[in-house]
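One structure below.
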Amino acid sequence: MTLLQVNSLTTGHNGVAVVHDVNLMVERGEVVALLGPNGAGKTTLLHTIAGLLPAINGAVFFNDRPVTGLSTHQIVRQGLSLLPENRGIFYQLTVAENLRLYKRQGGAVKVEEVFEYFPALKPLVERKAGLLSGGEQQMLSLGCRFIADPKLMLIDEMSLGLAPIIFQRMLPVLTQFAADRGVGVLLVEQHVHLALKSSSRAYVLNRGELTFSGTANALQNQRQFLESNYMGSTKQRE
């Protein structure tokens with residue numbers, strides 16, 4: 001089942017296009033990597049899907065419904081969850097208070113289930129988020145999105161500020177949650193090879209244009225193509 005369908009989307013800032021004619025999709029239960037160099041337009045694309053930026057042209061469909069032009073809170077109510085670069089948690093509140101704030105009324109995911117995915121958070125339940133380590137904060141940030149019981153998660157640079165080994169340990173948790181709950185995940189990430197290992201499909205965005213769309217396995221085997229996209233511009237599609 002297709003959860004997210006982006007059709008010929010052009011978007012940018014203040015009417016100036018930085019992302020051009022993008023087509024992509026995310027299926028239920030799969031993790032899809034959205035890769036590309038800094039400044040390629042990845043965050044702009046995520047923010048447009050989430051309703052934080054208006055589309056210039058094209059359309060976004062979420063759960064078979066058009067959401068282009070809807071406000072962020074309207075899209076969130078339909079089951080979208082965005083994890084931004086700054087983690088999006090409340091640093092003056094405890095772990096428990098953060099989870100309570102994000103818990104969706106009537107949602108199926110319980111606090112204890114979050115602790116099953118992140119057992120290291122359970123003994124920290126009364127600790128303020130600002131006193132957690134970077135890895136613990138990111139676990140809490142993911143836990144807050146899990147407890148919101150999403151249908152689709154947009155994740156922007158989950159590894160930011162983390163040691164690669166910590167990020168590497170979190171990725172299987174994310175993929176397991178997606179598989180368990182049938183949640184689609186669109187993952188923007190700079191740790192290319194780690195992201196590809198946890199993804200079924202991938203897109204590469206370079207200078208605002210898609211230069212690859214295909215399986216993650218196919219992209220993993222194209223080292224020269226990846227290097228050229230992070231240092232220059234080359235188009236290739238599966």
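The values are calculated or read from the model by the stated rules, or taken from the named source; none is laboratory data. Computed from a predicted structure; not experimentally measured. Quick reminder, even Gly has a Cβ in these numbers, built from the backbone with ideal geometry, and neighbours come from all protein chains shown.
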(message) Tell me whether the stretch 208-222 contains one or more residues that are modelled with pLDDT under 95, within 30 Å of Lys110 (Cα to Cα), out of contact with any strand residue (DSSP E or B) (no Cβ under 8 Å at 6 or more places or on another chain) and assigned by TED's automatic domain parsing to the domain that holds Leu34.
(response) no
(message) Please count how many residues of the stretch 51-70 are hydroxyl-bearing (Ser, Thr, Tyr) and within 22 Å of Gly106 (Cα to Cα).
(response) 0
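Condition check ((1) of a type in the set (Phe, Trp, Tyr); (2) under 15 Å from the mean Cα position of the chain (by Cα); (3) crowded, with 20+ Cβ neighbours inside 10 Å; (4) not in a loop (DSSP other than H, G, I, E, B)) across all residues:
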site: Pro172; (1), (2), (3), (4): no, yes, no, yes
site: Asp180; (1), (2), (3), (4): no, no, no, yes
site: Ala195; (1), (2), (3), (4): no, yes, yes, yes
site: Thr211; (1), (2), (3), (4): no, no, yes, yes
site: Gly214; (1), (2), (3), (4): no, no, no, yes
site: Ala218; (1), (2), (3), (4): no, no, no, yes
site: Tyr230; (1), (2), (3), (4): yes, no, no, yes
(message) over 30 Å from Gly36 (Cβ atoms), in contact (Cβ under 8 Å) with a residue 12 or more places away in the chain and either surrounded by 15 or more Cβ atoms within 10 Å (Cβ to Cβ) or in contact with a helix residue (DSSP H, G or I) (Cβ under 6 Å, 6 or more places away or on another chain) (or both): which single residue out of Leu124, Leu101 fits that description?
(response) Leu124
(message) For the stretch 28-74, give me the residue count where each residue is without any contact (Cβ under 8 Å) to a residue 60 or more places away in the chain, surrounded by 17 or more Cβ atoms within 10 Å (Cβ to Cβ) and of a type in the set (D, E, K, R).
(response) 0
(message) surrounded by 20 or more Cβ atoms within 10 Å (Cβ to Cβ) and modelled with pLDDT under 95: which single residue out of Val114, Val95, Val109 fits that description?
(response) Val109
(request) Tell me which residues, restricted to the stretch 79-92, are surrounded by 15 or more Cβ atoms within 10 Å (Cβ to Cβ) and either within 17 Å of the chain's Cα centre (by Cα) or of a type in the set (A, V, I, L, M) (or both). (result) Gly79, Leu80, Ser81, Leu82, Leu83, Pro84, Arg87, Gly88, Ile89
(request) Check every one of the strands (runs of 3 or more DSSP E) wholly within the stretch 14-108 and list those with 3 or more residues that are over 21 Å from Thr211 (Cβ atoms) and not basic (Lys, Arg). (result) 55-62, 80-83
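The rows are residues; the columns are (1) farther than 28 Å from Val18 by Cβ; (2) of a type in the set (D, E, K, R); (3) in the same structural domain as Val6 (by TED's automatic domain parsing).
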position: Leu52; (1), (2), (3): no, no, yes
position: Asn57; (1), (2), (3): no, no, yes
position: Ser71; (1), (2), (3): no, no, yes
position: Glu113; (1), (2), (3): yes, yes, no
position: Gln137; (1), (2), (3): yes, no, no
